[in-house]
Amino acid sequence: MFDLATIVTYLGACFVLAIVPGPTVTVIIANALARGTLAGLGIVLGTQLGLVTMILVVASGMEALVSFMGWAFDWIKLIGAAYLIWLGFKMLRSKGELGTAKAVKEKSFMAIVMEGFFVIWANPKALIFFGAFIPQFVRLESPTFPQIMILGFFFMLVAGSTDSIYAIIAGRARGLLSVARVRLLNRVSGVILMAGGVWLALQKRA
């Protein structure tokens, strides 16, 4: 279904996108700081559950689209590549701030997990992102639903790993997540993401 080059490229892109701090990371850090590493990992668990449902939505929607308008899929890929370039540009302009989310100490673990779930769904950009990013690596000659589910699982694996690292770091030492370091991470990731978006766009035109 996927060749090795596609998987390696996809996993690299997932890592770049997952490691850059965003709204989800902000909530993870806030909870880890307020209640410890376990609370941060609770948010990670909730976001993973949210990602499962989002990927199901994207997979079902893309399968239906290809069934009725297969020709439109190439345009979606081009638009998605442009969206990735725009995301990279935003990363370049980022100030490296982690945000000001606050966590309440009196939450149960299940409440924290549900907070992580709703954090994902409260950000509609996440669903748009999946609809733009994952189709870049889907092949129309094979069924789209299983491809998107597999790619989504790989993204969850990478994002879950990087988010867990943030939770552990925040739970132990806030100073390791300095603004300067986050800004540098954003700059490097932004350049990589923009270059990747251009490469994907050219690949679809070839």
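Computed from the coordinates by the stated procedures, all read-outs in this text should not be read as laboratory data. All values reported here derive from a predicted model rather than from experimental measurement. Counting neighbours? That spans all protein chains shown, and the Cβs are built from the backbone with ideal geometry, glycine included.
Quick notes on this structure:
- The lone criterion from (1) in contact with a Ser or Thr (Cβ under 7 Å, 6 or more places away or on another chain); (2) at positive phi left unmet by G36 is number (1).
- Residues of region 107-139 that turn out to be closer than 24 Å to W86 by Cα and outside any loop (DSSP other than H, G, I, E, B), as a count: 17
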